[in-house]
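Okay, so here's the structure we're looking at.
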Ligand code: SF4
């Protein structure tokens with residue numbers, strides 16, 4: 001029998017019926033540990049789902065205690081239409097007894113891990129596409145396209161057992177270079193199809209030494225390389241982070257020592273400069289020096305890629321005693337209330353206010369382009385968010401992706417700037 | 001089953017869901033979304049495509065967010081999407097709504113714009129009726145095929161709930 005990856009073992013363990021073995025390429029029906037859904041704008045979809053479940057005769061959701069709804073995209077509602085959508089979804093969830101995590105709690109991917117809702121070995125199906133983020137704690141986080149009704153009505157989903165790509169990151173970062181630069185660099189090296197339909201594991205000495213915040217950042221970007229799930233093998237750092245958070249029993253799976261990866265990429269992180277993904281592709285990645293001086297109108301720090309405490313700490317340290325350029329809006333959106341509270345206690349939020357940054361409540365913020373920080377045609381943003389697809393933050397606008405340090409340095413300079421000049 | 005249609009070719013790679021259907025149109029009824037289908041890539045496409053036509057695409061078609069861009073494709077009446085490779089979310093989104101989205105490595109080299117092509121979802125052979133060439137598509141798993149043939153996820157669930165109730 002061929003050897004298995006930890007991600008494959010998780011699927012085999014959750015298969016219905018459960019199986020000792022799973023082979024890449026086969027589809028297995030599973031019951032997830034968590035089905036994370038969105039209190040969305042889409043009123044039509046809420047109406048359809050309600051009508052469809054009634055039509056199918058479904059009165060109880062078989063896994064309702066495993067379903068959690070997050071109000072993270074465009075929340076609180078920025079328009080009357082959005083409010084109507086939110087209301088219909090809340091009504092739907094309440095009617096079926098589904099827990100709604102509302103009121104500025106933050107982005108699903110952060111909250112699931114921070115609150116110990118997800119643990120290592122869990123299969124977390126997330127309606128949102130950055131589901132792989134929870135791979136940082138050794139969970140199988142995957143997004144879904146179709147199959148939502150099946151999860152509501154049957155509590156089941158199907159997963160294609162993935163092949164796995166390994167990226168080993170060796171060495172220490174130079175000053176001014178952060179985990180987000182590594183993630184952008186990896187995206188540039190692998191491209192948008194580098195892990196298409198596969199699992200994506202990060203290992204190597206950089207990962208071993210990296211904080212959990214940066215591990216989440218790495219795993220988050222798996223989505224942008226086409227990965228169905230990201231993975232970092234849990235170690236002492238993971239378990240220490242989980243200890244006060246995850247109170248439920250969990251299983252740390254391990255990859256068989258002779259597992260055959262689909263491909264491996266070795267990257268020396270000591271050679272990396274601050275990185276920028278230029279419009280309009282997340283894998284069109286250049287060293288910051290190649291685009292330095294480009295005018296910007298808005299700088300955004302937030303999202304499930306880079307809305308964590310370490311990101312805000314980096315930003316605050318860099319902007320302390322300086323001001324945002326008068327022609328630039330610097331918007332800072334913590335990823336979760338936990339992050340916002342910790343950043344407030346540490347004084348980072350005051351520092352940001354003093355520098356004239358706009359600090360918002362915890363949510364997806366400007367990332368999805370549906371509220372708080374939409375760009376006008378012709379405007380240019382530098383952002384720590386996940387994607388720079390054409391039109392994402394506003395029709396006719398341009399988005400450069402970079403680390404929190406590069407975003408803040410640029411906000412001070414009024415144009416794309418190298419954070420190393422501000423250390 | 002066998003499906004035939006005229007090919008519209010989008011050879012470029014990484015056409016994301018945002019490019020398939022701009023976010024600005026997501027609130028519109030499916031038919032009206034269809035009028036904006038792929039407009040960022042080819043502004044003339046939606047007005048000229050006829051019901052039953054196929055989209056033939058390059059690698060990683062439908063990548064990016066899980067937004068319901070397939071609704072615009074269905075709204076336009078497209079019979080099937082056949083690509084070098086597809087975003088995983090797009091495949092299941094499409095199947096769930098009863099749209100064939102099939103990956104077929106090599107398709108870009110054997111199909112020209114305007115060719116008539118035939119997809120056999122039993123043998124998973126794709127035949128270019130214009131040139132006579134055939135190529136193998138990647139089979140979809142049985143349950144997804146069943147879902148699409150039944151017209152989507154709801155009908156599949158209805159059939160399955162009935163099967164399970166009958167034991
Ligand atoms: S922050 Fe952006 S990428 Fe992350 S879940 Fe929200 S909208 Fe999606």
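Only the coordinates and a few stated rules stand behind these numbers; no lab work does. Note that the coordinates shown come from a computational prediction; the quantities given were computed from them, not determined experimentally. Cβ atoms come from the backbone with ideal geometry, glycine included; neighbour counts cover every protein chain shown.
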Fill in the blank from the handout: By the C-alpha gyration tensor axes a ≥ b ≥ c (rounded if a/c is under 1.5, else prolate when a/b exceeds b/c, else oblate), the shape of segment A:124-199 is prolate
Completion exercise
Rounded to the nearest Å, the spacing of the alpha-carbon centers of segment A:370-401 and segment A:151-223 is 23 Å
Handout entry: Where labels lie 7 Å past Cα in the beta-carbon direction, separation of residue A:245 and residue A:44 in nm
Key = 3.7 nm
Fill in the blank from the handout: Taking Cα pairs closer than 8 Å and at least 6 residues apart, the relative contact order of segment A:59-171 in percent is 25 percent
Problem - For chain A, built as a Gaussian network whose Cα springs stay under 10 Å, the top-fluctuating residue of A:257, A:280, A:371 - result: A:257
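Using a Förster distance of 41 Å, how high is the FRET efficiency between residue A:237 and residue B:146, based on the Cβ-Cβ distance and rounded to 0.05? Intermediate results must be reported in sequence, preceding the final value.
On the way: r = 45 Å, r/R0 = 1.10.
Efficiency for this residue pair is about 0.35.
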Practice task
With springs connecting C-alpha atoms under 10 Å apart, model chain A as a Gaussian network and identify which of A:97, A:191, A:369 has the largest mean-square fluctuation.
Solution key: A:97
Practice task
Using a Gaussian network model of chain A whose springs link C-alpha atoms within less than 10 Å, name the residue from A:389, A:126, A:187 with the highest mean-square fluctuation.
Solution key: A:389
Completion exercise
Relative contact order in percent for chain A (Cα pairs under 8 Å, 6+ apart) equals 17 percent
Problem - Label-point gap, in nm, between residue A:26 and residue A:356 - each point 7 angstrom along Cα→Cβ - result: 6.3 nm
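By counting other Cβ atoms within 10 Å of each Cβ, how are A:231, A:178 ranked from fewest to most?
Numbers: A:231 30, A:178 26.
Going from least to most buried by this count: A:178, A:231.
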Handout entry: Pairs of Cα atoms farther than 23 Å apart, segment B:2-139, %
Key = 23 percent
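What 222 nm value per residue comes from the helices of chain B, counting each DSSP H run with n ≥ 4 as -39,500 (n - 2.57) and dividing by all residues, nearest 500 deg cm²/dmol?
Estimated from H runs of four or more residues: -8000 deg cm²/dmol.
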Practice task
Just need the relative contact order of segment B:2-139 here, percent rounded to a whole number, with Cα pairs under 8 Å and 6+ apart.
Solution key: 27 percent
Exercise for the section: Tell me what chain A gives for mean residue ellipticity at 222 nm when only DSSP H runs of n ≥ 4 count, each as -39,500 (n - 2.57), the sum divided by the residue total, rounded to 500 deg cm²/dmol. Expected result: -8500 deg cm²/dmol
Problem - In nm, spacing of pseudo-spin labels at residue B:130 and residue A:81 (7 Å Cα→C-beta vector) - result: 3.8 nm
Exercise for the section: Just check segment A:265-423 against the gyration tensor rule for me: Cα atoms, a ≥ b ≥ c as the square roots of the eigenvalues, rounded for a/c under 1.5, and otherwise prolate or oblate depending on whether a/b exceeds b/c. Expected result: rounded
Fill in the blank from the handout: Using alpha carbon positions and the Kirkwood radius, the Rg to Rh ratio of segment A:204-304 is 1.02
Fill in the blank from the handout: The extension gain from residue A:261 to residue A:290, computed as 0.36 nm times the residue separation minus the Cα-Cα distance, is 7.0 nm
Exercise for the section: Give me B:127, A:345 ranked fewest to most by other Cβ atoms within 10 Å of their Cβ, as a rough exposure proxy. Expected result: A:345, B:127
Exercise for the section: Counting other beta carbons within 10 Å of each Cβ, put A:3, A:383 in order, fewest first. Expected result: A:3, A:383
Completion exercise
Volume per residue (Å³) of the convex hull spanned by the alpha carbons of the protein assembly as shown is 145 Å³
